[in-house]
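This report refers to the structure that appears directly beneath it.
The values are calculated or read from the model by the stated rules, or taken from the named source; none is laboratory data. Quick caveat: nothing in here was measured; it's all calculated off a predicted structure. Heads up, the Cβs are rebuilt from the backbone with ideal geometry, glycines too, and the neighbour counts pull from every protein chain shown. Heavy atoms of the whole protein, side chains included, go into the accessibility calculation; ligands, DNA and RNA do not. Shrake-Rupley method; radii C 1.70, N 1.55, O 1.52, S 1.80 Å.
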Amino acid sequence: MEIILGKTAGFCYGVKNAVEKAETYAKQQKVKSIFCLGELVHNRQVIEKLEQEGIKFINILSDIEQDKRKNEEKEDKIVIIRAHGEPKTTYTFLEERNIEVLDLTCPNVLAIHRIVEEYSKQGWYIFLIGDKKHPEVIGTAGFSNGQCSIIEVEEDIDKALEEVKNSNLHKLLVVAQTTYSLEKFNKIVEKIRVADTKGIVENLEIKNTICNATKLRQEETEELAKRVDSMIIIGGKNSSNTKKLYEISAKECEKVVLVENVKELEEAKEKIGKEGKVGVMAGASTPKESIEEVIQFLRDLK
Ligand code: SF4
């Protein structure tokens, strides 16, 4: 068996920065209660490690106020905002309650927030291409003034154009979730360009805001999947960018497995077999320990 590990597999710089800063902060901070809104990364091992350092993961802001820690007398609270970012209302909520913020939103995501906020103020309608339920998309939409439609698949375009028409705005800006598939983005943009928008859109501006780390990883995955007999994608099942790596690989390669850790690979090893070339890629929130475990497992299979 020949094992080929993708160069771009694992933490992107946004996630790496967020995990390192959160960990360092938690180690040094002994006075305040530290909360993180949502999982910092979609990876159980990383989350458990951070929980051991004292970070409490919560899903909604009201959990902060309801938190009644036993034997806990820490009055001060700090909330970590993860790399995906948060809507503007979250910042307002925290500011109104004088709760400190450790903002670890990735600079690429912050840049999209600024674009959406600025264009919204200037009377542009926003099309945000991305997964409707993804926290990054919800956060970014939260920087518009509400004149924003989320397009997840090509079928959403007609309804979104109807919404532009009803808004009476005639300038349309198109942006994307940072981890959206480049191929799908291009297809949706092409459909918007050729759609009959006469009398609705006078000004159309497209900004490809897919981050470079995502683009390079998707390209490498496609190229790798073409030249191997099987592919292993390592990452969280709820990680959007990991799922896309799986989809890309499945188009090019017959045997593809998506595993969160080495235990799951144990169950899927029959599909991979012991012969031929095996490509290994990992999502942006997969720690290097998980990748190393998988590589070791494959070496032991030989
Ligand atoms: S995928 Fe890109 S935008 Fe998202 S956290 Fe990583 S570097 Fe930042």
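What order do Thr92, Thr140 take when sorted by accessible area (1.4 Å probe), most exposed first?
Largest to smallest exposure gives the sequence Thr92, Thr140.
Using a Gaussian network for the chain with springs between C-alpha atoms less than 10 Å apart, which of these wobbles most: Glu20, Glu136, Glu247?
Glu20
Which of rounded, prolate or oblate describes the chain when judged by the alpha-carbon gyration tensor and an a/c cut-off of 1.5?
Oblate shape, in that a/c is at least 1.5 and b/c is the bigger or equal ratio.
Show me 249-255, 128-134 ranked by packing, highest mean number of other Cβ atoms within 10 Å first.
My ranking of the peptides, most packed first, is 128-134, 249-255.
Report the net charge of residues surrounding Leu265, where surrounding means a beta-carbon distance below 12 angstrom and charges are Lys +1, Arg +1, Asp -1, Glu -1.
-4
Using a 1.4 Å probe and counting only protein heavy atoms, arrange Glu292, Glu205 so the residue with the most accessible area comes first.
Greatest to least solvent exposure: Glu292, Glu205.
Solvent-accessible area per residue for the range 13-105 at a 1.4 Å probe radius, Å²?
So the range 13-105 comes to 56 Å² accessible per residue, rounded to a whole number.
Sort 167-177, 22-32 by packing, meaning the average of other beta carbons within 10 Å per residue, with the highest value first.
167-177, 22-32
Which number gives the lysine pairs in the range 255-302 that have C-alpha atoms under 19 Å apart and are eight or more places apart or on different chains?
Qualifying lysine pairs in the range 255-302: 15.
I want to check the label-to-label distance for Lys121 and Thr197. Put each point 7 Å from Cα in the C-beta direction and report it in nm to one decimal.
Label-label distance for Lys121 and Thr197, simple model: 2.3 nm.
Excluding residues on the same chain fewer than 8 positions from Lys198, give the lysines whose Cα lies under 19 Å from its Cα.
Counting by Cα, and skipping residues close in sequence, Lys198 has these lysines nearby: Lys159, Lys165, Lys171.
Taking the chain as a Gaussian network, where each spring joins two C-alpha atoms under 10 Å apart, which residue of Asn17, Asn166, Asn238 fluctuates the most?
Result: Asn166 has the largest fluctuation of those listed.
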